[in-house]
Amino acid sequence: MTKPTGAAPLDALIIGAGFSGLYQLHCLRDKLGLPVRVLEAAPAVGGTWYWNRYPGARCDSESHSYCYTFSDDLVQEWEWTERYPAQAEVLRYLNHVADRFDLRRDIQFDTRVTEARYDEAANLWRVTTANGERFAATFLITAVGCLSAANVPDIPGLKDFKGVCHHTSNWPHEDVDFRGKRVGLIGTASTGIQAAPVIAETAAHLTVFQRTANYSVPARNAPLTPEVKRQHKENAAEIRRLMHASTNGHPYLIADRAALATPPEEREAIYEAAWARGGLYIRPSFSDLMISKEANDTAAQFILKKIRAVIKDPAKAAVLTNIDHPYAAKRPPIDTNYFETFNRDNVALVDIKAAPIAEVTADGIRTSEAFYPLDIIVFATGFDAMTGSLLRLNIAGRDGVKLSDAWEAGPRTYLGLQVAGFPNLFTITGPGSPSVLCNVPVPIQQHVEWITDCIAHMRKTGAKTIEATVDAQDRWVEQVNAAANATLLSSVKHSWYLGANVPGKPRVFMPYAGGMARYRGICDDVAKQGYAGFALS
Ligand code: NAP
């Protein structure tokens, strides 16, 4: 590996070696020929797939779409084994990409960035790491993911717990042995819903602490047959076309029919087919599910009926189906045997909306009504999403203005890619990008390619700095708000899309909900107009 350059400035520094950082390195180094370095906190590549190795961790996008599409050879040579890849398989894939494109020699592992400061006189980003190393680069590109800063609730007494505690996103590398153990799981969204069935299989007892009930649809995961694998390879171009044309970056389009304009029996048959297919196919069944509460209710009622049919204990069924939001207005989970898990003798459900957690003691969790003795507590409590991973980098821009101050009232970006006052800083999947509302490799690839083209344009034209204008940023924030307000997404006041899961975080709808295809078109137009809304100098 090349030695860190220390004082010698690089053209670009990339923070993070997950999906975004690996591809950004490949593009800048191998397409533009720039000296680039990636700094990665972990000892290996993978980003979110390196850290999130909790039991049951699996991708909710189908494997043939949860991948890069920039290289036909890569698409053709990689073999996914299951419909939804497990964490270990996605991690193997990213390691394969790192090897195949010889990326490791420009990645410095075990290197956590603790500060990044724009030096206006030198037009350089000066970056400091936890090891005390210093780097300088013209461009700073954050590839830190939207869901990387763990949200561990500040429960009184937590530090006194004598057992073992793990947050799902910082899971130990050695297997956690649940045998003979009483396990408490806090959190019943995408992560908790994946983890509960797997933990229940080996734990002596599992207590699931549910604050907000959630819809979930069976994933119907299965090994991919040779025939399906062959179809995916043969249809790779069409799959990519659909991923680019779709709202959410998945390889299917939203049906051009309204639930409310479809006769009830026909509608039911469509939901039944989507249920049987499994995964995320209910949402695209009709065009009005995300814009009309009445339409959404038809999907919600269908899913609730299915959930009730699984759960044997009526009391548990009542708690698990006491859902307070429209379907898919919070991130829709998919599962393998989640509701079935509550039929097991060794699984209990605690409604902590009705009886909140009061404290953790040395031996367990006490709610306002009862005490639950535990040996292990698993926090599936999510993330300080979208802004947490950026703010912890301690970024300061022009005039020393801190990103945390610029975003005091909530994040503001232009296209999710740049922040006014922070020249030459690019934020892959920053707030204001469609990111988390999509099959995320799709926005990642688009952002990386757009940033690469932008830097290539700057080199061609001799521009030294690029910076979002305040005007363009203000207009984009308005568009992000308008896009969310046009959907049911903004009707949920307690989702992490709004930052509501982190106490004290400003409530701002963060991702762009106007759809990936529309977003791509906007970015293309901006570039065609000579990077409209950016000041190049
Ligand atoms: P999450 O969606 O934020 O859910 C956190 C869960 O913990 C919720 O049930 C939440 O309840 C609960 N919770 C949070 N703070 C709590 C507290 N103080 N006391 C009690 N309960 C609390 O986090 P996540 O499940 O880790 O998922 C985050 C995102 O990661 C997903 O939306 C998805 O984008 C991504 N993800 C993807 C996959 C995949 O593709 N396979 C898998 C997992 C996660 P409330 O709802 O009441 O806040």
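Looking at region 26-35, is at least one residue touching a Lys or Arg at 6+ places or on another chain (Cβ under 7 Å), more than 20 Å from ARG126 (Cα to Cα) and surrounded by 19 or more Cβ atoms within 10 Å (Cβ to Cβ)? No, region 26-35 contains no residue that is touching a Lys or Arg at 6+ places or on another chain (Cβ under 7 Å), more than 20 Å from ARG126 (Cα to Cα) and surrounded by 19 or more Cβ atoms within 10 Å (Cβ to Cβ). Quick test for you: out of ASN296, ASN346, pick the one residue that is in the same structural domain as ARG283 (by TED's automatic domain parsing), open to solvent by 10 Å² or more (accessible area, probe 1.4 Å) and more than 12 Å from the ligand (Cβ to nearest atom). Result: ASN346 is the single residue among ASN296, ASN346 that is in the same structural domain as ARG283 (by TED's automatic domain parsing), open to solvent by 10 Å² or more (accessible area, probe 1.4 Å) and more than 12 Å from the ligand (Cβ to nearest atom). What are the pairs, 6+ residues apart or on separate chains, where a residue within region 132-157 that is within 17 Å of ARG53 (Cα to Cα) has its Cβ under 7 Å from a residue that is away from the ligand (no atom under 16 Å from the Cβ) and not β-branched (Val, Ile, Thr)? Close Cβ pairs satisfying both conditions: GLY145/GLY16; ALA149/ARG392. Note on region 487-503: residues that are open to solvent by 30 Å² or more (accessible area, probe 1.4 Å) and closer than 16 Å to SER148 by Cβ total 2. Considered as a group, the residues in region 375-384 that are in a strand (DSSP E or B) and within 13 Å of the ligand (Cβ to nearest atom) include one that is most open to solvent (accessible area, probe 1.4 Å), and that residue is PHE383. Just wondering, is there one or more residues in region 62-77 that are at pLDDT 95 or above, of a type in the set (A, V, I, L, M) and closer than 25 Å to HIS167 by Cβ? No, that holds for no residue. The residues of region 201-228 that are open to solvent by 50 Å² or more (accessible area, probe 1.4 Å) and in contact (Cβ under 8 Å) with a residue 40 or more places away in the chain, listed by number, are ALA204, HIS205, ARG211, ARG220, PRO223.
A residue that is more than 14 Å from the ligand (Cβ to nearest atom), among the hydrophobic types (A, V, I, L, M, F, W, C) and touching a residue at least 40 places away in the same chain (Cβ under 8 Å) occurs nowhere in region 46-68. Looking only at residues of region 186-198 that are more than 21 Å from PRO356 (Cα to Cα) and surrounded by 24 or more Cβ atoms within 10 Å (Cβ to Cβ), we find that the one that is nearest to the ligand (Cβ to nearest atom) is GLN194. Highlighted here are the strands (runs of 3 or more DSSP E) found entirely within region 1-119 that include at least 3 residues which are in contact with a helix residue (DSSP H, G or I) (Cβ under 8 Å, 6 or more places away or on another chain): 10-15, 36-39.
Among the residues here, ALA513 does not qualify as part of a loop (DSSP other than H, G, I, E, B), within 16 Å of the ligand (Cβ to nearest atom) and without any contact (Cβ under 8 Å) to a residue 24 or more places away in the chain. Exactly one residue among ASN439, ASN343 is closer than 30 Å to ILE199 by Cα, over 20 Å from the mean Cα position of the chain (by Cα), modelled with pLDDT of 95 or more and part of a loop (DSSP other than H, G, I, E, B), and that residue is ASN343. Just wondering, is there one or more residues in region 254-275 that are farther than 19 Å from MET516 by Cβ, crowded, with 16+ Cβ neighbours inside 10 Å and in contact with a Pro (Cβ under 9 Å, 6 or more places away or on another chain)? Checked region 254-275: at least one residue is farther than 19 Å from MET516 by Cβ, crowded, with 16+ Cβ neighbours inside 10 Å and in contact with a Pro (Cβ under 9 Å, 6 or more places away or on another chain). Every condition in (1) surrounded by 14 or more Cβ atoms within 10 Å (Cβ to Cβ); (2) more than 15 Å from the ligand (Cβ to nearest atom); (3) small (Gly, Ala, Ser) holds for ALA86 except the one numbered (2).
Table: residues versus (1) part of a loop (DSSP other than H, G, I, E, B); (2) within 13 Å of the ligand (Cβ to nearest atom); (3) not hydroxyl-bearing (Ser, Thr, Tyr).
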| site | (1), (2), (3) |
| --- | --- |
| ALA358 | no, yes, yes |
| TYR372 | no, no, no |
| MET386 | yes, yes, yes |
| ASP399 | no, no, yes |
| SER404 | no, no, no |
| GLY410 | yes, no, yes |
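Of the residues screened, TYR372 is not one that is open to solvent by less than 40 Å² (accessible area, probe 1.4 Å) and not β-branched (Val, Ile, Thr).
Kindly establish whether ILE307 is among the hydrophobic types (A, V, I, L, M, F, W, C) and touching a Ser or Thr at 6+ places or on another chain (Cβ under 9 Å).
Judged against the criteria, ILE307 is a match.
If we scan region 170-185, do we find a residue that is open to solvent by 10 Å² or more (accessible area, probe 1.4 Å) and within 16 Å of the ligand (Cβ to nearest atom)? Within region 170-185 (the criterion being open to solvent by 10 Å² or more (accessible area, probe 1.4 Å) and within 16 Å of the ligand (Cβ to nearest atom)), the answer is yes, since at least one residue qualifies. Considering region 360-369, the residues that are within 16 Å of the ligand (Cβ to nearest atom) and of a type in the set (Gly, Ala, Ser) include one that is most open to solvent (accessible area, probe 1.4 Å), namely SER368.
The values are calculated or read from the model by the stated rules, or taken from the named source; none is laboratory data. Given the structure is predicted, the values throughout are model-derived calculations rather than measurements. So basically every Cβ, Gly included, is an ideal-geometry build from the backbone, and we count neighbours across all protein chains shown. Side chains included, ligands, DNA and RNA excluded: accessible areas come from the protein's heavy atoms. Shrake-Rupley method; radii C 1.70, N 1.55, O 1.52, S 1.80 Å.
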